Amino acid sequence: MKVFSATDVGRKRKINQDYVFVSASPMGNLPNLFVVADGMGGHNAGDYASSHAVETLVGEVISDQNINAIKIIRHAVEAANTEILARARDNISFYGMGTTLVLSTIVGHYIYVANVGDSRLYLIRDQIRQVTVDHSLVQEMVYSGEIKAEEMRTHPEKNVITRAIGAEDLVEIDFFDVEIKPGDYILMCSDGLTNMVEDQRIEALIHSEDKSLEEKGQSLIDEANANGGKDNIAVILIEL
């Protein structure tokens, strides 16, 4: 397994509210752990929400005595949600803060995935496939038939999310498990990438045969910035 990870402030924002965590070695009873968080809130609140949520989550994973990966992840995400809510209630400057969260762990021939919000995980094999489902207003509009899926990237309300860590006392988490094979790529990213670069272009950049994994990962960030870089960009790219 090879891993590239990076965040970038982009070309329009002054503060980087995206946060990534990568461990290809065991974390508690999980064999590995990968996390992307995209914070939201006023000055300093968004970056605190994303980093503190991930730090809380990692601590919970390490201390959890469960052996079931889904139970470990669920407990950790719920603990992060409770912690962000508590900090927002304790400090008026953090009021309304929150963060998206997408995380994964690879166990044998499967990747187990959880997400809250609109940060995504993709599987790239012969072609690109989005595994997670966005918790966003535009995704609900697609479901209701108001807009087409290809209109999501350019819709004026594309940044309105319907779930987040720190939004409600009880956090609703989506879980996925996908069989993986040698040669697969796993991409985890914030919407700072996917709002700037179409899926087919992401696939083409990752399938570039003359580039290393690091060059492929950095090319995603460079492409998002070249297309405007309107938001922070977070990327974790895993080659199996």
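Here are some notes:
- Scan of segment 23-78 for residues that are more than 22 Å from D134 (Cα to Cα), surrounded by fewer than 20 Cβ atoms within 10 Å (Cβ to Cβ) and of a type in the set (S, T, Y), ordered by number: S23, S25, S63
- Listed here are the helices (runs of 4 or more DSSP H) enclosed by segment 139-240 that have at least 2 residues being β-branched (V, I, T) and closer than 24 Å to A24 by Cα: 199-206.
- A single entry from T99, T82 fulfils the requirement of being within 17 Å of F34 (Cα to Cα) and among the polar types (S, T, N, Q): T99.
- Some residue of segment 194-204 being hydroxyl-bearing (S, T, Y), closer than 23 Å to A69 by Cα, in contact (Cβ under 8 Å) with a residue 40 or more places away in the chain and buried (at least 19 other Cβ atoms within 10 Å of the Cβ): no
- Applying the criterion of being among the small types (G, A, S) and part of a strand (DSSP E or B) to the residues of segment 105-137, the residue that is farthest from the chain's Cα centre (by Cα) is S136.
- Given (1) at pLDDT 95 or above; (2) under 26 Å from R201 (Cβ atoms), index of the condition D177 fails: (2)
- For G10, the stated conditions do not hold, so it cannot be described as within 21 Å of R163 (Cβ to Cβ) and part of a loop (DSSP other than H, G, I, E, B).
- Given (1) among the basic types (K, R); (2) over 24 Å from I111 (Cα atoms); (3) surrounded by 15 or more Cβ atoms within 10 Å (Cβ to Cβ), number of the condition K216 does not satisfy: (2)
- Verdict on V116 being buried (at least 23 other Cβ atoms within 10 Å of the Cβ), within 15 Å of P26 (Cβ to Cβ) and free of Cβ contacts under 8 Å to residues at least 60 places away in the same chain: no
- The number of residues in segment 46-104 that are hydroxyl-bearing (S, T, Y), in a loop (DSSP other than H, G, I, E, B) and closer than 20 Å to S119 by Cβ comes to 1.
- Checking D18, D64 one by one, the residue that is within 27 Å of G229 (Cβ to Cβ), of a type in the set (D, E, K, R) and touching a helix residue (DSSP H, G or I) at 6+ places or on another chain (Cβ under 8 Å) is D18 and no other.
The values are calculated or read from the model by the stated rules, or taken from the named source; none is laboratory data. Nothing here was measured: the structure is a model prediction, and the numbers come from that model. Don't worry about glycine lacking a Cβ; one is built from the backbone with ideal geometry, like all the others, and counts go over all protein chains shown.
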